[in-house]
Every structure is written in C-alpha cells, then in structure tokens.
Amino acid sequence: MSNPQSISSRQSSPVSFLSRPRDAHKGTMGHALLIAGRRAMAGAAILASRACLRSGVGKLTVATPSFNIPILQVAVPEAIISPSGDDAFTQPLPTAPYQAVAIGPGLGTAPATASAVLSQIKECHSPIVVDADAINILAQHPDALPSLPFDSILTPHIGELTRLIGPASSADERLRLTLALAQRLHIYIIIKGSDTTICCPDGTTHVNTTGNAGMATAGSGDVLTGILLGLLTRGYTPLDASRLGVFLHGLSGDLAAQRLGMESLIASDIIDFLPSAFQQISKE
C-alpha cells in the first residue's frame, strides 16, 4: 500500500467545469430523483443523497420506504423525502418532474422490489444511473436490458458486472464483453475498481486517474452514484458526467487520504472532501 503523502491530488479534470450563473436559484439548478434504501439499509440512501447534494443540484427527492423517512429527515434535512412502500421499494414513480434519476443503492432484490425496479426503468425516458441491487435485478432479468434508456449509466463493481455479462477468463475478455454490451444497448458502463474504466457506446474507453486503496470501503459506490446523479441533473452529458464523476470521486478520496490516511478512510470522508475537490477543479 502506498503512503498517503505520495497520492497526487493535482491532476487535471477531464471535463470543463460548468460555472454557476450569478442569477441561479434552486429551480434552475435541476431536480434529481434518487430511489434508494430498504428497511435496515437507510445508510445507502443517506450516502448517495449527501453526495448528490454536494454535487450542485438545486433539489433532490429521495424515494425510500416509510420506515426510513425519520432517519433520512434527520441525516439529510436538505432532501425532499417521498415514501415508496413500507419496508422496501414496491411502486414505480413518475419521472417527468426530474432532470435525472438514479436507482439501486440498498434496494434489495425481493420479488416486489424487482418488479418495481423493472417497471421504473421501462417508464423512464431520460438517462438513468443504475447501481447496486438495480444492476443485480437486471442481471436476473436480462430480457429487460433493452428497456434501458439510451445513454444510461451503469456502475457495477466486478461482482455485479460478472452477474451481468457472465464469467470472463481474463480482464481483457471482461473489458471486451462489457464494451460489447455498452455498444449494443447504447449505454455507459463504469467498471469500478482500482483503475475505474468507463465503457462507452461508441466503443471507446476512459480510464480514471484518481483514487486510492483507502476507497475500498462500504458505501463508496453509493457516493459515486450520488455524484453522477448530481452532475447529470446539473446538465452534464452522460459522457461528461461519467468522466467528471469518477474523477471527482477519486480526487475526493485522494484528498481525504492525504488528511486522514487510507486505513481509516470511510465513505462519508469522500463526501466531506467533495467541496475541496470541486474547488480544486474550478481553479484550473
């Protein structure tokens, strides 16, 4: 493991930073919808929510089971909370009022939830960030994959990706299979890991240059989902949101590791250093 002091935090952003208009208000900064959490998994919704709000959105609505509402209202008072079932997500929601949608963190894969997730994806006509259990549900129902809107963003770790594309004999074969799926469905697939790689619908790949081993911790992926949702809502294209999102995620982790060390880094630390990451790239 490398020394935290050796981590570079001065790498250039791969995407031009969107400035914030002087006359901006919450209605012009976009409204995001996050569908996350089940009973005993409110933490995933909290992490993704806080990361989304730290990524510049004007408003965030979190659809989460009624059981989680008191927890979310205390942990993320800035978010609007919309109940979606008692203990788990079971009813799809209208998405027309929102500029972007993310679904998956902490949802579980129970049959009623799986049915709601598949219906939600079919009813969404704008790009959607699909993470965690929503990816696992799609892997269990591969016939539903073509219903993903064009330019959607999937964020699997290696285990989730294997469920989606099947086993691969090597990293090269895994990348080839992932690129083929991205091209076939016209989506972006972000393979999370030490060299996070974005597979694009045009057959190209982008390898992220930020991040460190301290980010191998529970909840880190939920934070990335929130960042991506925030950037899409702010008006970045799916490609730019993907490239800037993984860069910011890793840069925030690098800044956190420089201050706290890698061994003690937790997902909340990545969120806490997002403002510093934004400040750094805004000065470039």
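Note on segment 21-30: among residues that are in contact with a Lys or Arg (Cβ under 9 Å, 6 or more places away or on another chain) and without any contact (Cβ under 8 Å) to a residue 40 or more places away in the chain, the one that is least open to solvent (accessible area, probe 1.4 Å) is G27. Of the listed requirements (1) touching a helix residue (DSSP H, G or I) at 6+ places or on another chain (Cβ under 8 Å); (2) surrounded by fewer than 22 Cβ atoms within 10 Å (Cβ to Cβ); (3) of a type in the set (D, E), D195 misses just one: (1). Could you go through segment 133-146 and let me know if any residue there is charged (D, E, K, R), farther than 26 Å from V223 by Cβ and open to solvent by less than 60 Å² (accessible area, probe 1.4 Å). No, segment 133-146 contains no residue that is charged (D, E, K, R), farther than 26 Å from V223 by Cβ and open to solvent by less than 60 Å² (accessible area, probe 1.4 Å). Has segment 111-129 got any residue that is open to solvent by 30 Å² or more (accessible area, probe 1.4 Å), without any contact (Cβ under 8 Å) to a residue 24 or more places away in the chain and under 18 Å from M41 (Cβ atoms)? The answer is yes, given that some residue of segment 111-129 is open to solvent by 30 Å² or more (accessible area, probe 1.4 Å), without any contact (Cβ under 8 Å) to a residue 24 or more places away in the chain and under 18 Å from M41 (Cβ atoms).
Across segment 152-185, the qualifying residues are those that are among the hydroxyl-bearing types (S, T, Y) and buried (at least 19 other Cβ atoms within 10 Å of the Cβ), and the one among them that is farthest from the chain's Cα centre (by Cα) is T178. Looking only at segment 31-68, filter to residues that are among the β-branched types (V, I, T) and outside any strand (DSSP E or B); which one of those is least open to solvent (accessible area, probe 1.4 Å)? Looking at residues that are among the β-branched types (V, I, T) and outside any strand (DSSP E or B), I get V57. Inspect segment 258-265 for any residue being in contact with a Leu (Cβ under 8 Å, 6 or more places away or on another chain) and part of a helix (DSSP H, G or I) and give the result as yes or no. So far as segment 258-265 goes, no, none of its residues is in contact with a Leu (Cβ under 8 Å, 6 or more places away or on another chain) and part of a helix (DSSP H, G or I).
The values are calculated or read from the model by the stated rules, or taken from the named source; none is laboratory data. This is a predicted model, so every value here is computed, not measured. Cβ sites come from the backbone with ideal geometry, for glycine too, and all protein chains shown count toward neighbours. Keep in mind that these areas ignore ligands, DNA and RNA; they rest on the heavy atoms of the full protein, side chains included. Shrake-Rupley method; radii C 1.70, N 1.55, O 1.52, S 1.80 Å.
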